[in-house]
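The values are calculated or read from the model by the stated rules, or taken from the named source; none is laboratory data. Just so it is clear, the structure is predicted and the values come from calculations on it, not from any experiment. Backbone-built Cβ (ideal geometry, glycine too); neighbour counts: all protein chains shown. The protein model used for the area step is the full one, side chains on, heavy atoms only, and it has no ligands, DNA or RNA in it. Shrake-Rupley method; radii C 1.70, N 1.55, O 1.52, S 1.80 Å.
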Amino acid sequence: KQEVTQIPAALSVPEGENLVLNCSFTDSAIYNLQWFRQDPGKGLTSLLLIQSSQREQTSGRLNASLDKSSGRSTLYIAASQPGDSATYLCAVYNAGNMLTFGGGTRLMVKP
Amino acid sequence: NAGVTQTPKFQVLKTGQSMTLQCAQDMNHNSMYWYRQDPGMGLRLIYYSASEGTTDKGEVPNGYNVSRLNKREFSLRLESAAPSQTSVYFCASSEAPVGVEQYFGPGTRLTVT
């Protein structure tokens, strides 16, 4: 059974810092990996989708990498801003149409 | 273009009551999903519909039923609510069942007393 782990569970940084969020998964037979953002009391917003054949994806200040063989993905946020404060979730797509989520990293960016 | 919409936003039920959570998408997506989110457990798939006319169980289907009413709508029914079903429920949709982005609704917060 696929298991997805996100470290750290919580992170607090001053504004302007570059930061890295980590995601690891136990079964490397994935179709893709998706990073989401969730604001308190809200739904999930898709940030980046990396296909299993890709190594990375970029969107603005966000860069996500994927190393399928080692079961790891990282989300890099450049020049963090208070508006980036949210919970970040990674999820992997397995065979059987299952999207398995990690527990999330709660990020606080202090002004 | 509203994306994925869910009703109601909040609901309180007594144990044993029944209710249906509604979900609709206006993106002409083929696949739709129901998840629940619980503290410490993350999001878990309850049921999904790969295409209109099909439904399949996910990781935690017990106590729930679903109906894919048409391509736009996918409902989740609790026949006899239990306190263990207190959760936030999210509906999602995607163009295809495999390998593409899923888009999520705003969620329904359900409390069963």
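Of all residues in segment B:25-40, those being touching a strand residue (DSSP E or B) at 6+ places or on another chain (Cβ under 9 Å) and under 26 Å from A:T87 (Cβ atoms) number 11. Exactly one residue among A:T87, A:T74 is within 14 Å of chain B (Cβ to nearest Cβ) and touching a residue at least 12 places away in the same chain (Cβ under 8 Å), and that residue is A:T87.
Within segment A:90-111, the residues that satisfy the criterion of being in contact (Cβ under 8 Å) with a residue 24 or more places away in the chain and within 11 Å of chain B (Cβ to nearest Cβ) are A:C90, A:A91, A:Y93, A:N94, A:A95, A:M98, A:L99, A:T100, A:F101, A:G102, A:G103, A:G104.
Just one residue in the set A:A9, A:A79 is among the small types (G, A, S), at pLDDT below 95 and exposed (fewer than 13 other Cβ atoms within 10 Å of the Cβ); that residue is A:A9.
A quick yes/no check of all residues on (1) under 14 Å from the mean Cα position of the chain (by Cα); (2) more than 11 Å from chain A (Cβ to nearest Cβ):
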| residue | (1), (2) |
| --- | --- |
| B:A2 | no, yes |
| B:T5 | yes, no |
| B:S18 | no, yes |
| B:C23 | yes, yes |
| B:M32 | yes, yes |
| B:P39 | no, no |
| B:R44 | yes, no |
| B:D56 | yes, no |
| B:E59 | yes, no |
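State all residues of segment B:75-113 that are surrounded by fewer than 20 Cβ atoms within 10 Å (Cβ to Cβ), closer than 15 Å to B:T5 by Cβ and small (G, A, S); if no residue qualifies, say none. Scanning segment B:75-113 gives a single hit, B:S75. Counting only strands (runs of 3 or more DSSP E) that sit wholly inside segment B:19-71, those with at least 2 residues that are open to solvent by 40 Å² or more (accessible area, probe 1.4 Å) are B:19-25, B:64-68. Considering only residues that are assigned to a strand (DSSP E or B) and either touching a Pro at 6+ places or on another chain (Cβ under 8 Å) or within 14 Å of another protein chain (Cβ to nearest Cβ) (or both), which ones fall in segment A:41-71? A:L44, A:T45, A:S46, A:L47, A:L48, A:L49, A:I50, A:Q51, A:Q57, A:S59, A:A64, A:L66 - these are the residues of segment A:41-71 that are assigned to a strand (DSSP E or B) and either touching a Pro at 6+ places or on another chain (Cβ under 8 Å) or within 14 Å of another protein chain (Cβ to nearest Cβ) (or both).
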